Ligand code: PGA
C-alpha cells in the first residue's frame, strides 16, 4: 500500500472564529473535488466548532494543534481528547517544534499525547525535526531516528495507520528557508527507514510522511514530487486561500 498524500494547514495562533468561517467559506469551492490528497486544517481550539460547521459537506477535515494526555482533571488551560472528539475534530498536531521550544514539550510528553489521541480515535500529525546546530553538526539522521523511536514508543503497528509524521526541520519553520527537495526526501527517507526497522516495511511504505517548513505555492510542486514526501504541513501559506489551494493543486497534479 502506498502512502496517501495529506496537505495540512497549521494556523498556529491566527484567525478568530469569524475569520475561520470566512476563510473556509472561500477555500471550500477552490479545493472542491481535488481528492488526490486529503485536506486538513488544524486550527486554534476556539475555532474548532465554527470550522467543523463550515467544513461540513466539503472535502476539508478539521484538526486541533495539540491535546493533553490525561482524560480529565486539574490541568488548567489544557484540552482533552474527548473534548476534541465531541466537537467533530478528526486530526491533531502533536509535538510541533513551537510546543517543544516554547512550552517544554519533550519526546516523553509527545509520546503520551500521541498514545492518548490514538486511543480516542484521532488521527495524529506527529512533528519532529532537527535544529540548525544539529544539521550543521551532521547528526540530522540520528536526531530524527531517535525522535521517531521515542515518539512512537509502545504504539502498536495497527495504530500506525492513524499516524502521519511531519518532518519539520526547525531552521526552516517560519524562516523562509526551505529544505531542498533532496534534503527533504533524504530525511523523510531516514524516518521511513526507522519506521521499517521498528515495525515493518509494509507499515513504513504505507505511512504518510509530510515535509513542513516554509512550504508554499512556489516550492510545493518540487517538494511533493519527491518519493518520500507524501504531503505538507503548512504554516504561513495556509492562511491565504489562494496559496493553500496552489499547494493542494500541486498535490493533485
Ligand atoms: P511555516 O510553518 O510553513 O510557516 O514554515 C510550518 C509549521 O510550523 O508547521
Inside segment 53-88, can you point out the residues that are within 21 Å of residue 164 (Cα to Cα) and out of contact with any helix residue (DSSP H, G or I) (no Cβ under 9 Å at 6 or more places or on another chain)? 82, 85
What pairs come up if the first residue lies in segment 1-25 and is more than 23 Å from residue 37 (Cα to Cα), the second is at pLDDT 95 or above and surrounded by 15 or more Cβ atoms within 10 Å (Cβ to Cβ), and their beta carbons are under 7 Å apart, counting only those six or more places apart or on different chains? 13/44; 14/239; 15/23; 15/43; 15/44; 15/47; 17/47; 17/50
The one condition residue 74 fails out of (1) in contact (Cβ under 8 Å) with a residue 12 or more places away in the chain; (2) more than 19 Å from residue 168 (Cβ to Cβ) is (1)
One residue is enough: does segment 1-10 have a residue meeting the conditions modelled with pLDDT of 95 or more and more than 28 Å from residue 205 (Cα to Cα)? no
Helices (runs of 4 or more DSSP H) contained in segment 32-138 and holding at least 1 residues closer than 27 Å to residue 237 by Cα and either under 14 Å from the mean Cα position of the chain (by Cα) or within 16 Å of the ligand (Cβ to nearest atom) (or both): 97-102, 107-119, 132-136
Might you let me know whether segment 220-229 holds any residue that is out of contact with any helix residue (DSSP H, G or I) (no Cβ under 8 Å at 6 or more places or on another chain) and over 22 Å from residue 108 (Cα atoms)? no
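The values are calculated or read from the model by the stated rules, or taken from the named source; none is laboratory data. This one's a predicted model, so the numbers in the text were calculated from it and none came from an experiment. Don't worry about glycine lacking a Cβ; one is built from the backbone with ideal geometry, like all the others, and counts go over all protein chains shown.
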